[in-house]
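Here is the structure we will look at, set down as C-alpha cells.
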Amino acid sequence: MAGHSKWANIKRQKARVDAVKGKVFTKISREIIVAARSGVPDPAGNFQLRTAIDKAKAAGIPNDNIDRAIAKGAGKLGDNAALEAIRYEGYGAGGVAILIEALTDNRNRTAADLRVAFSKNGGNLGETGCVGWMFDQKGFVEVSLASVKTGKGRRSEVTTEINEEALLEVFLEGGADTYELVETDEGTLAESFTDPVNLETLSQTLKEGGYRVTQIDLRWIPNNTLEVTDPDQASSVLKLMDALEDLDDVQSVTANFEMAEDLMSLILA
C-alpha cells in the first residue's frame, strides 16, 4: 500500500495548490449547491450540506461565497442551470479501472472533455457499468491527532502522544469498519471507513469524544487492485489521473492501481 499512501499525500499537496488557484472553490461550491438543492437549505437539518460547508471552511472559502452557493442551490438567485451528478467509468493504460464523479450543467461537454483526457493518456472512456462493479462506496472520516498551538499570530500543529486504545474504542463505538494511523506532512492522522449510512453517526461520535474531525466524505474503494510495475504504463496512469482531476466538472477520481513508492517517486521527480 506504500504507493497508494504516497498518491494520497500527493493529492493533499495538489489540493493546497488548487486552493491557491481557486479550483477547489469551484468544486466545493458545486457540492454545496447540489446539497442545498437535494435537501433542506439549512445545514442543521442537512448532513450532506453540513459536510460540504465544513469542507469549504477548511479550504478557506469565504462565508459570503458559502452563503451564495447555498442560496443558489435553494433557487433564491434565479439561476436555473441545474447541476447534475454523473458517474463516468473508463480504463487507463494496462487496464487500470477508473471511476469518476462529476457535477455538470452540460453532460455533453463533460463527456467530451473526459474522452480527450483518456485518449491523450493511453486510456479510454467506457460504458456505464464497465468498471463500477469493481468498487464499493464507503463513508470516510479523517481525524487529526495533532494539537493546535496558537500564539503571536501563528498557528502550528504539534503531535501529541496518541492513546490508541481510547481512539480505537471511540471508532468502534461509532461503527467504524476499519481504522488506520497514517503519517503525512501534516502529522499523524487516523483514517476510518464505515457504511455510508453510518457516516454521520461515526463523525458525531468522534466529535463528542473530543477528537478533531478534519474530513468527512464518501469514497469509492476498489475491491481488487492492479499492480503497475512498467515505468511507461505508470507514467501514463499518473498523467491520466492528473488530467482528469484538473477538469472543472470532475469532483473525484478513483482508480484501482497499486504502484511501488520508488517507481512513483521516479516518475514524479
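Rank these for me by crowding, S235, S119, going from fewest to most other beta carbons within 10 Å.
If I rank by nearby Cβ atoms, fewest first, I get S119, S235.
If you find the alpha carbon centre of segment 92-107 and of segment 196-269, how far apart are they in angstrom?
13
Only the coordinates and a few stated rules stand behind these numbers; no lab work does. Predicted model, so just to flag it, every value in this text is computed and none were measured. Here the Cβ is made from the backbone with ideal geometry for all residues, glycine too, and neighbour counts use every protein chain on show.
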